[in-house]
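Trainee: First the structure, then my questions, so here it is.
Every read-out reported here was derived from the displayed coordinates using simple, explicitly stated rules and does not represent laboratory data. In this text, all values refer to a predicted model and were calculated from it rather than measured experimentally. Positions of Cβ are generated from backbone atoms using ideal geometry, with glycine treated the same way; all protein chains shown enter the neighbour counts.
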Amino acid sequence: MDLFGRMTIIRLENGDLLIHDPCKITDAIRQQIDDIGPVKYIVAPGSYHHLFVMDFQAKYPQAETFLCPGLERKRPDIPFDWILGNKPDPRWANEIDQVVVSGTKYMWEVAFFHKPSKTLILVDLLENIGDDYRHHANWVLRFWWKFVFRMWNKPKPAPEYQMGWGNKQIVQTALHKILGWQAERVIIAHGETIEEGVNDILSEAWKKVLKA
């Protein structure tokens, strides 16, 4: 199944760019990026969001690479400078907060919160696939999301999370931190951006683990 994906570019106050969850880079995409500013940081934010990191490294060799914990073992071929943690890098700490969500043995991610725009950025902790996404959804994806995962028009975590969380207390602490950010918008890798009722939607999506 091809879920498609969304890359997010954060332009810091000094003009530097943080590339979150790199996508396949083309000449046209590179030109658009270069028109915005210089790429200084490449971030692989999740256990399954790393496929195009090395492509970006080749195009922007001066950029520093940050990996989600565990990717350094899963993808030892990817050169990196830093492993992401619960404490944001000092160079973006005034603008971005972050927290590691150690969801399962196989799937972790680092949630980011852009303070000036009150925007939460996630990859697999929330997927929002439904009628508004139908032009990107082939019949296979529609079948699985409607009849197997029961996620069509229902924002939920990726199925890998729903099959079982790891240390629930640690996960709950991370999710409560995210809710405490009081985000007004959520940009996600798979599905439509959420522009209203953010905490209500997140609380509903994560209710099983929050109440565990």
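Trainee: Which GluC sites (Glu not before Pro) in the range 12-105 pass both tests, a DSSP loop state and at most 13 other beta-carbon atoms within 10 Å?
Mentor: The qualifying sites are 13.
Trainee: Then there's this: Please list log₁₀ I(q)/I(0) at q = 0.07, 0.08, 0.14 Å⁻¹ for the chain, using the Debye equation with identical point scatterers on the alpha-carbon positions.
Mentor: For the chain, the Cα-only Debye profile gives -0.20, -0.26, -0.85.
Trainee: Relative to 2.2 N^0.38 Å, what does the C-alpha radius of gyration of the range 1-74 come to as a ratio? Two decimals please.
Mentor: Normalised by 2.2 N^0.38 Å, the Cα Rg of the range 1-74 equals 1.07.
Trainee: Any idea which of 166, 191, 103 is furthest toward the positive side of the dipole for the chain, if Lys and Arg beta-carbons carry +1 and Asp and Glu beta-carbons -1?
Mentor: Highest projection toward the positive end goes to 166.
Trainee: Please go through the range 151-212 and write out the trypsin sites (Lys or Arg not before Pro) that DSSP classes as loop and that have at most 12 other C-beta atoms within 10 Å.
Mentor: Sparse-neighbourhood loop trypsin sites (Lys or Arg not before Pro): 211.
Trainee: Straight-line reach only, C-alpha to C-alpha below 17 angstrom: list the lysines that residue 208 could link to, leaving out same-chain residues fewer than 8 apart.
Mentor: Candidates past the 8-residue exclusion: 154, 156, 168, 177.
Trainee: Moving on to the next point. Using amide H atoms built in the peptide plane, which far-off residues or other-chain residues are under 5 Å from residue 112 H to H?
Mentor: HN-HN under 5 Å from residue 112: 121.
Trainee: Counting Lys and Arg as +1 and Asp and Glu as -1, what is the net charge of the other residues whose Cβ lies under 14 Å from the Cβ of residue 86?
Mentor: Once positives and negatives cancel, what remains is -1.
Trainee: How large is the charge dipole for the chain, taken about the Cα centre, if only the Cβ atoms of Lys, Arg (+1) and Asp, Glu (-1) carry charge, to the nearest 20 debye?
Mentor: 820
Trainee: Residue by residue, what Karplus-based ³J(HN,Hα) values in Hz, rounded to whole numbers, does the range 199-209 have, using 6.51, -1.76 and 1.60 with θ = phi - 60° and x for Gly and Pro?
Mentor: In residue order, the calculated couplings are 5, 5, 5, 5, 4, 5, 5, 9, 4, 5, 7 Hz.
Trainee: Two-decimal Rg/Rh of the range 52-112 from alpha-carbon positions, Kirkwood Rh?
Mentor: Across the range 52-112, the Cα-based Rg/Rh ratio is 0.98.
Trainee: Here's another thing I want to ask about it. Can you give the alpha-carbon Rg of the range 11-128 over 2.2 N^0.38 Å, where N counts its residues?
Mentor: That works out to 1.02 for the range 11-128.
Trainee: Residue 65's amide H: which non-local residues (gap 5+, or another chain) put their own amide H closer than 5 Å, with H modeled 1.01 Å from N in plane and none for Pro or chain starts?
Mentor: Those qualifying (amide H under 5 Å, at least 5 residues apart or on another chain) are 42, 81, 82.
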